[in-house]
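Here's the structure we're looking at; comments come further down.
The values are calculated or read from the model by the stated rules, or taken from the named source; none is laboratory data. Note that the structure is a prediction, hence the values are computed from the model and not measured. Reconstructed Cβ throughout: ideal geometry from the backbone, glycine too, with neighbour counts over all protein chains shown.
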Amino acid sequence: MRIRIIQAFLLVATGLVAQQTHRDGYKDTPILPNQQWHVHDPDRPYPPDVTPGATPGEPPGDAIVLFDGKDLSQWTQRGRGVDRGKMLDAKWKVTGGYMEIVHGTGDLISRQKFGNCQLHVEWQEPEGIQGESQERGNSGVYIMSRYEIQVLDNYHSATYADGMAGAIYGQWPPLVNPSRKPGEWQTYDVVFEGPKFDGDKVVSPAYETLFFNGVLVQNHRALNGPTEYKVVLPYKRHDPEEPLMLQDHSSSRPVKYRNIWIRKLAE
């Protein structure tokens, strides 16, 4: 009996229990379409364990934390004027566990590059009504530095539909408008699939799914190409991974960001 207990302990310690338990299955079942595996195949690779965040919205164990409320070490900014073309230390303000846009310093650009991903971003509009339409706390989350999810105060505030909060800017309005009041924290949870190219030819467009404050507002939307103001742009071939970007828009009042993390996803 003691030997069996020791053997069981060794199996757990070496991880062999997981390997053995998932070998239950069948080899006399059909092969799944477009896959190499039988239905319930015991040899199919087992998913790795990932520790979830302690509370909703916190990064899971395999996430890359881009902003934890302490510093901007994961970010840079493009130089202007005499520093044009240089990548400089980020100059947005960090205080109270969040960062705040400092207008005129430029867009924030992640030092790491990403393609297919799961992205979590929290943002807040300034309290008090100031400005109209696109001047109500305008910013944006640019995946791969070119595909924008609009950030804007649209709590009882109208603008053009494909330019409101939760929109894939200039292309797809959100399905609904779940905006919170200015001064309250808002949440974006994104699943993004980058476009695929064969040379300069687009084999598959980018796709985006977006939950805004926990509400589905973009359901696997195909993007027409890069997002831009007042025009339609075609795809241009780019690398499979590019930096994330947060926009410094010439808005009347600065937007705040916090709790930004990302998970790379396999194709």
Requested in this report: For region 209-217, indicate whether the set of residues that are among the hydrophobic types (A, V, I, L, M, F, W, C), in contact with a Lys or Arg (Cβ under 7 Å, 6 or more places away or on another chain) and surrounded by 19 or more Cβ atoms within 10 Å (Cβ to Cβ) is non-empty.
Outcome: no
Report task. Quick one: which residue in Gly104, Gly115 is touching a residue at least 24 places away in the same chain (Cβ under 8 Å) and on the phi < 0 side of the Ramachandran plot? Result -> Gly115
Requested in this report: Taking Pro254 as the residue in question, decide whether it is in a loop (DSSP other than H, G, I, E, B) and either at pLDDT below 95 or of a type in the set (D, E, K, R) (or both).
Outcome: yes
Query - Residues located in region 81-123, provided they are surrounded by 20 or more Cβ atoms within 10 Å (Cβ to Cβ) and closer than 20 Å to Thr187 by Cβ - result: Trp92, Met99, Ile101, Leu108, Ser110, Phe114, Leu119, His120, Val121, Trp123
Query - Some residue of region 141-156 being within 19 Å of Val231 (Cβ to Cβ), polar (S, T, N, Q) and at pLDDT below 95 - result: no
Query raised in the report: Counting only residues that are farther than 24 Å from Trp185 by Cβ and part of a loop (DSSP other than H, G, I, E, B), how many does region 63-80 have?
Result: 2
Query raised in the report: Of the residues Asn224, Asn213, Asn154, which is more than 18 Å from the chain's Cα centre (by Cα), under 15 Å from Gln124 (Cα atoms) and assigned by TED's automatic domain parsing to the domain that holds Gln118?
Result: Asn154
Query raised in the report: Quick check: is even one residue across region 222-244 farther than 19 Å from Ile168 by Cβ, surrounded by 14 or more Cβ atoms within 10 Å (Cβ to Cβ) and modelled with pLDDT under 95?
Result: no
Requested in this report: Output yes when any residue across region 59-78 is in the same structural domain as Val190 (by TED's automatic domain parsing), surrounded by 13 or more Cβ atoms within 10 Å (Cβ to Cβ), modelled with pLDDT under 90 and over 22 Å from the mean Cα position of the chain (by Cα), and no when none is.
Outcome: no
